[in-house]
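Report on one structure; see the data block that follows.
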Amino acid sequence: MTCEVLIVGAGPAGTVAARLLALAGIKVVLVDRVNIEQQKIGESLPGAARPMLERLGLVSWVEKSSSIVNKGNLSCWGGTQLVATDFIRDPYGCGWHLDRQQFDQNLRDAAEDAGALMINGRISSVVENSDGIQAKVGDQSITAQWVIDASGNSRFVASMFGVSKHRDVPLFTLYTWCKNSTVDTRSVVEAVPTGWWYTAGLPDEQRVLAFFSLPEQIKILRDKDNFISALKETIHIANWCPAAGISSSPLQVTEATGSYLDKVFGARWLAVGSAALSFEPLSSQGIYNAIYTGLRGAEAVKAALIDNDRSLLIQYGERIKSIRAAYNIAISGYYQQEQRWPEQPFWIEHQKERL
Ligand SMILES: Cc1cc2nc3c(=O)[nH]c(=O)nc-3n(C[C@H](O)[C@H](O)[C@H](O)COP(=O)(O)OP(=O)(O)OC[C@H]3O[C@@H](n4cnc5c(N)ncnc54)[C@H](O)[C@@H]3O)c2cc1C
């Protein structure tokens, strides 16, 4: 199989890049092993994403995701009270709480609708040779002129090309779902001595519940009884997520450490989304960043491919560095606001300066 651009990973970054390139008449192949049955975490999309979604003709696709409006955030951080941030003050208006699996599927549909070819499978190798890029999916070979790494934190293409990645202080999460027993669907964050809790209302009267901490604490709370006991010690989160309403399925665990690549493009490859730069979920910027870098990255690849103009690639690399710098200031400032537990390992680690 041959194409002009191969995209590895069909999350928000890969699908946005695929749609933009396919709409420009470029032959795109998008590869991912998709399991629509599995519930997915990562649901909060800020209203600031709206202009990009409009530009990509994606608003109607997002609206099909049965998402609910997120009117604001509540946070218990630096004190015991819940402090509200109302999105009525935000120039972009309210955000969304998405059915994340459905949202990603709708973006894949939008990429296919624009003309991208979606292959359900996993890329097992990527090499560059005189013909361009050669990749393998199952026993099929794909030849492309360019490859976009949209493989999220696995950074599959970048690691095949030997590019180093840098990681911030470790952050892991334990998460589950529960029945939503309140009409208030705003996101709620609560800091505790060993980390922080998060919950948000979701479509279909569901609620996500997550605890973020260092790996040692996550190991202890993987035992569901310990998780429930820690939940009951919270001041607010336990009221939003009563233990009785929590799913009986085992708790899920995943890494949520912020990280970034040494370089985000090469002769015939470019990284977008979390593959280029990933943020801690406290920022709620991950999907926004995936859409933004998918869009800007695809524009840079398009200029290099069609006009042999590599200037947008260089601008893209600089932009990623400036986003990383702004993120470091914002996330450090937020962690610094919590000064109740200066002796606790979690807060010592997360209040260190980030580079
Ligand atoms: C616990 C947690 C909570 C979060 N909450 C939020 C939130 O509320 N709001 C927010 O904006 N962000 C949140 N995020 C971050 C957000 O989910 C990510 O930033 C976003 O998914 C990045 O999109 P992406 O397209 O870059 O990568 P992903 O969505 O990770 O997609 C990458 C895709 O690549 C595929 N892939 C990987 N390797 C291969 C391969 N070899 N071949 C083919 N396919 C491959 C994977 O299957 C995957 O589908 C959260 C993250 C975590 C960990």
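The values are calculated or read from the model by the stated rules, or taken from the named source; none is laboratory data. If you're wondering where the values come from, they're calculated on a predicted model, not measured in any experiment. Methodologically, a virtual Cβ is constructed for each residue, glycine included, from the backbone with ideal geometry; neighbour enumeration extends over all protein chains shown. Please note that ligands, DNA and RNA were not included when accessible areas were found on the heavy atoms of the full protein model with its side chains. Shrake-Rupley method; radii C 1.70, N 1.55, O 1.52, S 1.80 Å.
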**Request:** From the list G286, G294, pick out the single residue that is open to solvent by less than 60 Å² (accessible area, probe 1.4 Å), under 27 Å from F227 (Cα atoms) and within 16 Å of the ligand (Cβ to nearest atom).
**Result:** G286
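Within the range 296-311, identify whether any single residue is farther than 28 Å from I133 by Cβ and modelled with pLDDT of 95 or more, and answer yes or no. Don't jump to the end; show me each part of the working.
Looking only at the range 296-311, we keep the residues that are farther than 28 Å from I133 by Cβ, and these are none.
Checked the range 296-311: no residue is farther than 28 Å from I133 by Cβ and modelled with pLDDT of 95 or more.
What number of residues within the range 299-355 satisfy the criterion of being β-branched (V, I, T) and crowded, with 17+ Cβ neighbours inside 10 Å?
Keep residues of the range 299-355 that are β-branched (V, I, T), which gives 301, 306, 314, 320, 323, 329, 331, 348.
Pick out the ones that are also crowded, with 17+ Cβ neighbours inside 10 Å and you get 301, 320, 323, 331.
Summing the residues that are β-branched (V, I, T) and crowded, with 17+ Cβ neighbours inside 10 Å in the range 299-355 gives 4.
Are any residues in the range 185-215 without any contact (Cβ under 8 Å) to a residue 40 or more places away in the chain and open to solvent by 40 Å² or more (accessible area, probe 1.4 Å), and if so, which ones? So that I can check it myself, show each step before the final result.
Just the residues of the range 185-215 that are without any contact (Cβ under 8 Å) to a residue 40 or more places away in the chain, to begin with: 205-207, 209, 211.
The answer is E205, Q206.
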**Prompt:** Tally time: how many residues in the range 216-242 are open to solvent by 30 Å² or more (accessible area, probe 1.4 Å) and under 22 Å from H97 (Cβ atoms)?
**Reply:** 4
**Prompt:** Is it true that some residue in the range 111-133 is within 21 Å of the chain's Cα centre (by Cα) and polar (S, T, N, Q)?
**Reply:** yes
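Look at A330 and say whether it is within 16 Å of the ligand (Cβ to nearest atom) and small (G, A, S). Break it down into steps so the answer makes sense when it comes.
On the way: within 16 Å of the ligand (Cβ to nearest atom): yes; small (G, A, S): yes.
For A330, the condition - within 16 Å of the ligand (Cβ to nearest atom) and small (G, A, S) - is met.
Conditions tested, residue by residue: (1) closer than 16 Å to G294 by Cβ; (2) touching a residue at least 24 places away in the same chain (Cβ under 8 Å); (3) more than 16 Å from the ligand (Cβ to nearest atom).
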| residue | (1), (2), (3) |
| --- | --- |
| A18 | yes, yes, no |
| V28 | yes, yes, no |
| K40 | no, yes, no |
| G47 | no, yes, no |
| S65 | no, yes, no |
| L74 | no, yes, no |
| W77 | no, yes, yes |
**Prompt:** Which residues, counting only those in the range 97-124, are out of contact with any helix residue (DSSP H, G or I) (no Cβ under 7 Å at 6 or more places or on another chain) and among the small types (G, A, S)?
**Reply:** G121, S124
**Message:** I'm told A243 meets every condition in (1) more than 26 Å from Q351 (Cβ to Cβ); (2) in contact (Cβ under 8 Å) with a residue 40 or more places away in the chain except one. Can you identify the failing condition by its number?
**Reply:** (2)
**Request:** Scan the strands (runs of 3 or more DSSP E) fully inside the range 82-172 and keep the ones with 2 or more residues being closer than 30 Å to E338 by Cβ and open to solvent by 40 Å² or more (accessible area, probe 1.4 Å).
**Result:** 83-86, 165-167
